[in-house]
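The values are calculated or read from the model by the stated rules, or taken from the named source; none is laboratory data. Keep in mind the model is a prediction, meaning the values are calculated, not measured. Note that each Cβ is placed from the backbone with ideal geometry, even for glycine, and that neighbours are counted across all protein chains shown. Accessible surface areas use protein heavy atoms only, side chains included; no ligands, DNA or RNA. Shrake-Rupley method; radii C 1.70, N 1.55, O 1.52, S 1.80 Å.
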Amino acid sequence: SWHTPALLDELAAALPMPVEYENDVNLVAVAEQRLGAARGHEDFVLLWNEGGLGAALVLGGRLHRGWTGGAGEVGFLPVPGTPLVRQVTKANSGGYQELAGSQAIPRLARELGMSSIPSTPYAEAAAALVERAATEDTVLHRLLLQTYATRLATGLASLVSVLDPELVVLSGASLTAGGDVLRALVQDELEELAAARPRLVVGDVREHPVLRGALESALATTRDEVFDTGR
């Protein structure tokens, strides 16, 4: 029932205060812009990889949501290296999601012949595998991390070629688990695949970034209302 078109109206009727809704990855971008790695930056892309693969676009200091609110749904991008996904809304997936989303990491580890793959849900398993690959210097772990970095850069190349952002923030457990080791590999791959040269950083807001972004948005609205001198 969370997908009912009447959800916002029903919540607004039940609560004694204004109600708004926002995309979760956009809220992470708000948190990073106010509190984290994107402070002081007006043009950046935040790439999120956890339960799903998505992006937030901040242009001229403001979130760019697109005509229907779907800007940043990069998981649906057709990319080389994976079969073309058709009827993506029915499949709820796309090429970039299948290539580099969290669910692809345990699958890649199995293909490489790695053992001890966590049996936890795929997002947790992916983060654990990426963290291990970034800290253990074995041939298989290096190969896993390098392959993952190439897959991430494949989709990022399309984004930065169109938007030419100043900065790309890597966020979500399947990215932050790789730390600076993964970031450097993605940066190197991206410089091979795209003419644009944005700086890549790992997100600073790790604890409940969606909630932190929501709180920052609510605080900003409250400040505007309290200190509005035009009324």
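Which loop-located trypsin sites (Lys or Arg not before Pro) does segment 1-83 contain, where loop means any DSSP state but H, G, I, E or B and the Cβ has at most 16 other Cβ atoms within 10 Å?
The qualifying sites are R39, R65.
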Residue with peak Gaussian network fluctuation, the chain [Cα springs, cutoff 10 Å], from H41, H141, H208:
H208
With label points set 7 Å from each Cα along the Cα-to-Cβ direction at T120 and L193, the distance between them in nm comes to 2.7 nm
When the distances between all Cα atoms of segment 63-180 are binned every 10 Å from zero, what whole-number percent does each bin get?
13, 42, 34, 11, 1
If contacts are Cα pairs under 8 angstrom and at least 6 residues apart, what is the relative contact order of the chain in percent?
23 percent
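Nearest 0.05, what FRET efficiency do D228 and E207 give at R0 = 30 Å with Cβ-Cβ as r?
Calculated transfer efficiency: 0.40.
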Out of Y122, V45, L167, whose Cα points farthest toward the positive end of the dipole of the chain (charges: +1 Lys, Arg; -1 Asp, Glu; placed on Cβ)?
Y122
Antiparallel as a % of all DSSP beta bridges within the chain, to the nearest 5?
45 percent
Filtering GluC sites (Glu not before Pro) in segment 39-122 by DSSP loop and by at most 16 other Cβ atoms within 10 Å leaves E42
Angle between the Cα long axis of helix 24-35 and the longest principal axis of the chain, 0 to 90 degrees, nearest 10?
80 degrees
At 7 Å along the Cα-to-beta-carbon direction for both A184 and L59, put a label point, then send me their distance in nm to one decimal.
3.4 nm
Please build a GNM for the chain, connecting alpha carbons under 10 Å apart, and tell me which residue among L108, L47, L27 fluctuates the most.
L108
When the chain is treated as a GNM, springs tying every alpha-carbon pair under 10 Å, which of V19, V205, V28 comes out with the largest mean-square fluctuation?
V19
Determine, from the Cβ-Cβ distance of T221 and W2 and an R0 of 22 Å, the FRET efficiency 1/(1 + (r/R0)^6), rounded to the nearest 0.05.
0.45
Before I look further, what does the chain give for accessible area per residue, probe 1.4 Å, in whole square angstrom?
55 Å²
Summarise the accessible area of the chain (1.4 Å probe, protein heavy atoms) by the percent that is carbon and sulfur.
54 percent
Among the GluC sites (Glu not before Pro) within segment 139-219, which fall in a DSSP loop and have no more than 11 other Cβ atoms within 10 Å of their own Cβ?
E207
Angle between the chain longest axis and helix 179-193 axis [Cα atoms, degrees, rounded to 10]
80 degrees
Spacing of the two label points (7 Å from each Cα toward its C-beta) at L11 and S161, in nm
3.7 nm
Suppose we flag chymotrypsin sites (Phe, Trp or Tyr not before Pro) only when DSSP calls them loop and at most 15 other Cβ atoms lie within 10 Å. Which is the longest uninterrupted stretch of the chain?
68-226
